Ligand code: GLC
């Protein structure tokens, strides 16, 4: 990272702005030749959107004032009437805001009065707040995001214990709650780092989302001062210390317990789940642009660069599956020893599930769910694949292939409600063994093949980055037929996502915010820069670069 850049204490994020935007503007042109399934309308609309994005780009650095209920700033930039759902969504999003000593610090997971069982849905979840934060940033309201980042940073400083065991210093909470004492008129905080969570698992994704959000805030506001504070720098270093430590690992991926991410209960994702690996990659890249190049920062940046090299190689080689790769695995020899082994993890071809042979289109591919010795989880996970596109963990060819797969397998992955969290569902004996007979995760429900509207923003962002806004528009149209009418459910059930989820909350905040973010990004694609990273020019040719720098 330090190769081309002068060593200075200034964050490098502003340098990336021009680069990202110019690449973004080039995209549609490239894709006219490459992708014929586009219709001309979508392309010209995207170009108009991009041009408009350029106009408003400067202004996104100096957020406007707080807008009223029905008048989000985004809709005033609109050349067409906003969908009636948009105003309703803003109103619901604002209703979910949580205040600490008068300042907005986050949004609760769900504002569902009808539900008798609140559980922990009245808490501010770190992962759930991300789409809310993006919606506020896109609407020129960065304060709530800043307060959230500072509040969670403060919580990171707490001593965390599960029974008698102390957790790593850098662990960020899964969620927190503000307790109001009406008599003493005081507010206090309680947080959950895994010690209260069902299954007692620490959220590995929280710290990564925190870093990613800090970058989004910095890019959107142009305000480097928050990320540069000693507190934020230390917070990042603590998170990085947790995931860059050396141990018994032979892989650059991060070893995780089941339930440590959005899928926060047993679902057979222990090991090296794609969701965490993609977020890990994106957080590393975000941190490397936010860390100061001072003594401590430089040391971390060097470690990040090394890890990114190894991680991208590992993921792109071993997690990637397309028709050719599947055919190769199908013909693998087993029990190979030494460096010449082709089947390095000793995957037994008989363990390839039948469904994947039919599911794999001739054109297209994806990052599979998990890879470890003799175990490949061939399931598709939406979040990990979208983040792989946004972070440029996927090569250009791979990101195109992922979009090809989504188009080719639309019925299975999108169906009637975007977007399946995982595909396919596990059933019968396998469900018993893998989920431990979890009644919430029965086939085609919840995490086990359920459809989650929140994923719409990730799909939309991936569509814009790959120059296929038409796919996003189709998905948004589907969501618009149901979401408001069904009171913004948390998830849908069934093979094509037709039924409101068995135990889904209503007025689930991230379903609401995810919709708003998707709409705003499609209107103004320049917002994408907040949450997307172009391919790192310094990653592949690093050797060449650093040698030319030294001579
Ligand atoms: C469920 C989801 C989790 C989410 C939480 C709050 O537990 O699995 O991802 O963060 O609800 O909405």
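Nothing in this text is a laboratory measurement; each read-out follows from the coordinates by a stated rule. Owing to the predicted nature of the structure, the values given are computational and were not obtained by experimental measurement. We place every Cβ from the backbone using ideal geometry, glycine too, and count neighbours over all the protein chains shown.
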(request) Return, for the Cα atoms of region 472-513, the radius of gyration and Dmax in Å, separated by a comma. (result) 10.0, 28
(request) Using only alpha carbons, build the gyration tensor for region 412-469 and give me the equivalent ellipsoid semi-axes, biggest first, whole Å. (result) 28, 9, 9
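Just order 432-443, 363-374, 131-142 by mean Cβ neighbour count inside 10 Å, highest at the front, would you?
On the way: 432-443: 15.8, 363-374: 20.5, 131-142: 24.8.
Order by mean packing, descending: 131-142, 363-374, 432-443.
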(message) Can you give the Rg/Rh ratio of region 195-244, where Rg is from the C-alpha atoms and Rh is the Kirkwood radius?
(response) 1.08
(request) Just need log10 I(q)/I(0) for region 157-239 at q = 0.10 Å⁻¹, Debye formula, equal scatterers on the alpha-carbon atoms, no solvent, rounded to two decimals. (result) -0.33
(message) Debye calculation, C-alpha points only, no solvent: report log10 I(q)/I(0) for region 441-498 at q = 0.16 Å⁻¹, in the same order as the q values.
(response) -0.53
(message) Need one word for region 360-440: rounded, prolate or oblate. Basis is the Cα gyration tensor (sqrt eigenvalues a ≥ b ≥ c); a/c below 1.5 gives rounded, then a/b vs b/c decides.
(response) prolate
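Kirkwood Rh, region 112-194, all Cα pairs: how many Å?
Numbers: mean 1/r = 0.0687 Å⁻¹.
It is 14.5 Å.
Give me D for region 274-331 in µm² s⁻¹, whole number, from Stokes-Einstein with Rh from the Kirkwood sum over alpha-carbon pairs, 10 °C and 1.306 mPa s. Walk me through the numbers before you get to the answer.
Values: Rh = 13.0 Å.
Answer from the Stokes-Einstein relation: 122 µm²/s.
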(message) Under a crude label model (7 Å from the Cα following the beta-carbon direction), how far is residue 313 from residue 296 in nanometres?
(response) 3.1
(request) Once every Cα of region 311-447 carries one equal point scatterer and solvent is ignored, give the base-10 log of I(q)/I(0) from the Debye formula at q = 0.15, 0.16, 0.20, 0.22 Å⁻¹, two decimals. (result) -0.80, -0.90, -1.31, -1.46
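Rg(Cα) of region 285-389 divided by 2.2 N^0.38 Å? Write out the running numbers ahead of the final one.
Numbers: Rg = 17.3 Å, N = 105, 2.2 N^0.38 = 12.9 Å.
The value comes to 1.34.
As an exercise, use a Förster radius of 35 Å and the Cβ-Cβ distance of residue 234 and residue 503 to find the FRET efficiency, rounded to the nearest 0.05.
0.35
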(request) Within 10 Å, count the other beta carbons around each residue, average over each peptide in 245-255, 283-293, and list them highest first. (result) 283-293, 245-255
